[in-house]
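The structure appears right after this line, and notes come after that.
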Amino acid sequence: MSTETKEKYEKYYVPEQSPWPIVGAIGLFLLAFGAGNFIQQSTDKVASNDGSWGWLFLALGLAIIVYMLWSWWKDAIRESKQGLYSAQMDRSFKQGMMWFITSEVMFFAAFFGGLFYARALVMPWLAGEGNNAMTHAILWPEFVAQWPMIVTPAGETTEGMGAWGLPAINTLILLTSSWTLTIAHHALKDGNRNALINYTAISAALGIIFLALQVLEYHHAYNEMGLTLGSGIYGSTFFMLTGFHGFHVTIGTIFLIVMTIRCAGGDFTAKNHFAYEAGAWYWHFVDVVWLFLFIFVYIM
Amino acid sequence: MADHHPTGIKRWLFTTNHKDIGTMYLWFSFVMFIVGGSMAMVIRAELYQPGLQFVDPNTFNQMTTMHGLIMVFGAVMPSMVGLANWLIPMQIGAPDMALPRMNNWSFWILPFAFTLLLLSFTMPGGAPNFGWTFYAPLSTTYAPPSTDFFIFGVHMMGISSIMGAINVIVTVFNMRAPGMTLMKMPLFVWTWLITAFLLIMVMPVLAGAVTMMLTDRHFGTSFFDAAGGGDPVMFQHIFWFFGHPEVYIMILPAFGVVSEIIPAFSRKKLFGYASMVYATASIALLSFIVWAHHMFTVGMPVAGELFFMIATMLIAVPTGVKVFNWVATMWKGSLTFETPMLFSIAFVILFTIGGFSGVMLAMAPIDFQYHDTYFVVAHFHYVLFPGAIFGTTAAVYYWMPKWTGKKCNEKWGKWHFWLSMIFVNLTFFPMHFSGLAGMPRRIPDYNMMFAGFNELASIGAFGLGLVQILFLFIVIKTVRSGEKSEKKPWDGATGLEWDQIDTPAPYHTFDTPPKVS
């Protein structure tokens with residue numbers, strides 16, 4: 001019993017002191033301070049803030065955060081290779097990642113909630129449904145409830161984005177990348193290093209293609225369809241949902257590129273590869289979010 | 001090596017120790033408590049008499065807004081996280097929090113976030129002035145430029161809270177000593193586990209809400225603008241989807257604290273342990289489906305009003321279970337009334353008053369009269385001050401010997417308690433009456449007929465504020481020259497932190513997990 005307990009609860013590594021958390025806090029502060037000033041200075045809506053130095057703090061904050069993350073993970077990788085991390089520690093990381101992804105899901109839920117509320121309730125109400133006949137008659141009598149909302153109550157017009165061109169191709173690309181990543185993950189567990197590297201690289205490449213196509217889509221929307229962030233609630237939800245998703249794909253792609261490099265460098269074993277698994281989970285998460293986007297933003 | 005710890009400023013800046021981080025959280029929350037409290041003093045000074053005396057209406061609005069934001073995000077929440085850091089590892093037999101470096105990051109983000117928020121006072125147009133609930137379009141179309149910094153400040157607080165919550169959940173799920181099954185955990189650990197779950201579910205939604213504000217303000221989106229097909233009411237829905245669980249985030253850990261303290265001074269086991277756990281979980285789950293009771297007067301469909309009214313009143317059931325259990329724990333116990341117990345008993349009574357006024361507010365037709373009056377202010381201050389803050393205070397008195405090896409002076413503690421008890425009621429009880437009579441909240445001037453109640457409330461508030469300074473002196477005096485505590489200063493106390501750890505707790509505890517039978 002006692003040896004079993006000892007094995008199961010080997011000493012938990014409480015890490016040495018680290019400068020990175022405080023560096024990260026300073027970086028976040030500069031990032032936030034810089035972003036606030038940069039936005040005020042560049043969108044011309046705040047007369048009292050007419051400088052042009054906000055981006056300096058923004059860039060500095062961003063640089064500090066990148067440096068902090070790099071160094072923090074470098075320390076963690078070194079400690080892992082020194083064998084300081086127990087199986088219990090590994091579980092802490094895994095559970096931490098799962099709850100982090102849960103919080104990300106809830107971030108997207110806020111925007112999906114906004115989309116559903118605006119479309120299912122606000123739009124009919126603005127068109128006079130329920131007890132809102134006078135709202136409709138007095139404020140915007142011309143307004144017609146239709147989705148995509150190609151004419152806003154104030155009369156702003158746009159076009160709706162179709163689902164079966166680029167977006168459908170992008171769906172295929174992301175689904176394929178999840179599949180190739182799963183192949184890579186199995187290769188890692190089976191000790192097949194070449195397949196691991198190749199399929200991880202393919203997944204990352206598919207992520208880059210997805211992002212490139214999304215840039216094309218945005219370009220098309222802005223320049224040919226007149227669909228912008230300012231196109232009423234349809235444009236707002238479209239760009240915020242797909243935009244934040246695209247941002248997460250970017251993070252995930254960087255994650256996969258780093259994993260490819262680390263795999264090529266000989267990191268990870270069949271049993272010990274938390275970082276790789278975290279990257280894979282993250283990738284599947286952005287994939288699932290995209291499926292919801294494809295259904296609720298594009299198709300329906 | 002046994003109790004070696006780093007010294008100097010680096011000890012605090014670079015620390016990975018849950019006790020250091022807990023201490024920093026607690027001190028930070030006290031500083032914020034004083035900052036937010038002084039804003040409350042400005043509010044009560046202005047409201048001492050009708051008419052405008054000290055501040056102009058815009059400054060008054062900034063005071064109510066910043067008072068609320070600082071108390072919620074800067075004082076109450078960090079104080080609970082501080083307690084979690086100190087207590088959870090010791091109570092479940094873990095050597096530290098599961099992710100110690102991230103723990104330090106969670107803390108250090110906060111001073112920077114609140115620096116950013118407080119900087120807004122120096123900006124043209126002043127600080128945010130739209131109330132702590134920052135309803136659109138007050139916070140979008142009509143808000144001062146500093147709102148953008150408020151938005152990023154909220155993002156930083158959210159990042160801090162989410163990481164803190166992840167740490168708590170992982171610690172509880174993965175770090176318990178062998179034998180410490182879930183249903184053996186102290187109730188404080190249980191309530192924090194559930195609180196952490198709520199935090200992870202709703203802080204990202206708050207981040208979404210402020211992000212929509214930011215893009216509405218600067219990038220032309222129409223989330224909260226009906227002309228573009230959005231809706232200002234949508235902001236309220238998203239905000240309160242965060243906001244209602246948030247109020248349980250602030251109170252559940254305090255439930256846990258009194259569930260530890262009342263049995264200790266009743267010298268009995270907690271009555272109905274399992275029902276306490278299930279009641280806490282039920283309250284948390286219900287908190288996700290009641291948010292629109294904050295918006296009964298906004299013009300919702302009747303079906304919505306009915307649903308949210310009934311769902312809200314359901315919360316009274318698990319809450320009643322908890323109050324019943326606390327009382328039943330004391331029933332026929334060998335009670336003694338040391339300072340932590342006094343604060344806990346006051347918690348039960350006064351929190352229940354706040355709970356009852358909550359049930360009154362839950363009734364949609366009645367809420368039409370109470371909405372946005374001082375009755376609401378009375379209600380939520382009764383659950384927050386003699387609720388959350390008395391809970392934290394009780395915890396400080398109760399665990400102070402474990403933290404510092406020294407006992408707080410009972411005589412001074414009792415002064416602190418009785419003065420707080422008198423002044424908290426003097427401050428907030430009259431607000432029920434002025435509210436029922438129709439006095440609106442967040443307005444610097446009022447009708448002559450409310451003068452008496454406001455005078456009482458202001459006198460109470462000044463007293464309440466001063467008494468908290470007394471608390472600061474008690475804590476400092478204890479740390480410096482308090483009476484040395486024996487290993488277990490409270491004979492009825494139970495739990496790993498009292499039974500298996502020296503007093504004061506060494507810098508590192510449970511390097512090897514204890515056995516729990």
- Residues in the stretch A:254-285, backbone N under 17 Å from the label point at residue A:66 (7 Å along the Cα-to-beta-carbon vector): list them, ranges by number please. A:254-259
- Carbon plus sulfur fraction of accessible area for the stretch A:89-299, probe 1.4 Å, in percent: 69 percent
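Quick check: with the 1.4 Å probe, what order do B:289, B:422 take by accessible area, largest first? Don't jump to the answer; show the numbers that get you there.
Working: B:289 70, B:422 100 Å².
Most to least solvent-accessible, the answer reads B:422, B:289.
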- Extension gain residue B:334-residue B:31, at 0.36 nm per residue separation less the Cα-Cα distance, in nm? 105.4 nm
- Heavy-atom accessible area, 1.4 Å probe, ligands and nucleic acids excluded: residues of the stretch B:137-161 down by at least 10 Å² from chain alone: B:145, B:148, B:149, B:152, B:156, B:159
- A chain fully extended from residue A:223 to residue A:208 at 0.36 nm per residue, minus the present Cα-Cα distance, gains in nm 3.1 nm
- Task: Compute the accessible area of each residue in the stretch A:12-33 twice, once for its chain alone and once with every protein chain present, using a 1.4 Å probe on heavy atoms, and list those whose area falls by at least 30 Å².
- Result: A:12, A:14, A:15, A:17, A:18, A:21, A:22, A:25, A:28, A:29, A:32, A:33
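Which of the residue pairs A:81/B:515; A:81/A:189; B:19/B:411; B:269/B:322; A:11/A:74; B:268/B:402 have a Cα-Cα distance greater than 24 Å in the structure shown?
Violating the 24 Å Cα-Cα cut-off are A:81/B:515; B:19/B:411.
For the protein assembly as shown, what is the accessible area per residue in Å², given a 1.4 Å probe and the full set of protein chains? Before the final figure, lay out the partial values.
Working: 31630 Å² over 817 residues.
With all protein chains present, the protein assembly as shown gives 39 Å² per residue.
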- Query: Which chymotrypsin sites (Phe, Trp or Tyr not before Pro) does the stretch B:1-77 hold that lie in a coil by DSSP with at most 14 other beta carbons within 10 Å?
  - Reply: B:54
- Item | Shape category assigned to the stretch B:1-94 from the gyration tensor of Cα positions, a/c cut at 1.5 | prolate
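Would you mind classifying the protein assembly as shown by shape? Square roots of the alpha carbon gyration tensor eigenvalues, ordered a ≥ b ≥ c; an a/c under 1.5 is rounded, otherwise it is prolate if a/b is larger than b/c and oblate if not. List each step's numbers first, then the result.
Working: a/c = 1.75, a/b = 1.10, b/c = 1.59.
Oblate.
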- Query: Could you give the distance between the Cα centres of the stretch B:430-482 and the stretch A:220-291, to the whole Å?
  - Reply: 50 Å
- Chain-alone versus full-assembly comparison, the stretch B:202-247, residues with accessible loss of at least 50 Å² (1.4 Å probe): B:204, B:218, B:219, B:223, B:227, B:229, B:234
- Note on the structure: residue A:299 and residue B:491 label points (each 7 Å along its Cα→Cβ direction) are spaced in nm at 7.1 nm
- Treating cross-link reach as a plain straight distance, find the aspartates and glutamates whose alpha-carbon is under 20 Å from the alpha-carbon of residue B:477, omitting any fewer than eight places away in the same chain. B:20, B:338, B:410, B:486
- Angle in degrees between helix B:451-481 and the longest Cα principal axis of chain B, rounded to the nearest 10: 30 degrees
- Message: With angles folded into 0 to 90 degrees, how steeply does helix A:87-117 sit against the dominant principal axis of chain A? Use alpha carbons for both and round to 10.
- Response: 0 degrees
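Nearest 100 Å² is fine: what is the total accessible surface buried where chains A and B meet, probe 1.4 Å? Each step should come with its number before you reach the end.
Numbers: alone 17360 and 20190 Å², together 31630 Å².
Summing both chains' loss of accessible area gives about 5900 Å².
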- Between residue B:121 and residue B:470, the two model label points (7 Å from Cα along the beta-carbon direction) sit apart by a distance in nm of 2.7 nm
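Got a number for carbon plus sulfur as a percent of the stretch A:18-84's accessible area, 1.4 Å probe?
Working: 2520 of 3550 Å².
Whole-percent figure for carbon plus sulfur exposure: 71.
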- Item | With all protein chains modelled, accessible area of residue B:285 [1.4 Å, Å²] | 110 Å²
- Item | Phi-based couplings in Hz for the stretch B:437-443 (Karplus 6.51, -1.76, 1.60; Gly and Pro marked x) | 7, x, 6, x, 7, 6, 10
- Computed label-point distance, nm, for sites residue A:159 and residue A:269 using a 7 Å Cα→Cβ extension: 5.8 nm
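Leaving ligands, DNA and RNA out of it, report the carbon-plus-sulfur percent of the accessible area of the stretch B:416-517 at a 1.4 Å probe.
Values: 3290 of 4980 Å².
Of the solvent-accessible surface of the stretch B:416-517, carbon and sulfur hold 66 percent.
Find, to one decimal place in angstroms, the Kirkwood hydrodynamic radius of the stretch A:89-299, where the mean of 1/r is taken over every pair of different Cα atoms and then inverted.
Value: 19.0 Å, from the Cα pair sum.
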- Note on the structure: Expressed in angstrom and ordered largest first, the alpha-carbon extents of the stretch A:18-84 along the principal axes are 57, 14, 13
- At q = 0.14, 0.16, 0.18 Å⁻¹, what is the log10 ratio I(q)/I(0) for the stretch B:382-517, with the Debye formula run over Cα points and no solvent? -0.75, -0.87, -0.99
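Tally Lys and Arg at +1 and Asp and Glu at -1 over the other residues with C-beta under 12 Å from the C-beta of residue B:410: what net charge comes out?
Working: positive: B:407, B:411, B:414; negative: B:338, B:483.
With Lys, Arg at +1 and Asp, Glu at -1, the net is +1.
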- Message: Under the rule of at least 5 residues apart or a separate chain, name every residue whose amide H is placed under 5 Å from the amide H of residue B:224.
- Response: B:231
- Those residues of the stretch B:370-403 whose amide nitrogen sits under 20 Å from the label point placed on residue B:483, 7 Å along Cα→Cβ: B:394-403
- Item | R0 of 25 Å, Cβ-Cβ distance residue B:517-residue A:11: FRET efficiency to nearest 0.05 | 0.70
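Where does chain B land on the Kirkwood hydrodynamic radius, alpha-carbon pairs, in angstrom? Please report the intermediate quantities before stating the final value.
Numbers: mean 1/r = 0.0426 Å⁻¹.
The answer is 23.5 Å.
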- Message: Output wanted: per-residue J couplings in Hz (rounded whole) for the stretch A:150-162, from phi through Karplus 6.51 cos²θ - 1.76 cosθ + 1.60, θ = phi - 60°, x for Gly and Pro.
- Response: 7, 10, 7, x, 7, x, 5, 10, 7, 10, x, 7, x
- Message: Nearest 10 degrees is fine. How inclined is helix B:57-69 to the longest principal axis of chain B, computing both from alpha carbons?
- Response: 30 degrees
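The values are calculated or read from the model by the stated rules, or taken from the named source; none is laboratory data. These figures come from a predicted structure and were not determined experimentally. Heads up, the Cβs are rebuilt from the backbone with ideal geometry, glycines too, and the neighbour counts pull from every protein chain shown. We work out accessible area using only protein heavy atoms, side chains counted, and drop any ligands, DNA or RNA first. Shrake-Rupley method; radii C 1.70, N 1.55, O 1.52, S 1.80 Å.
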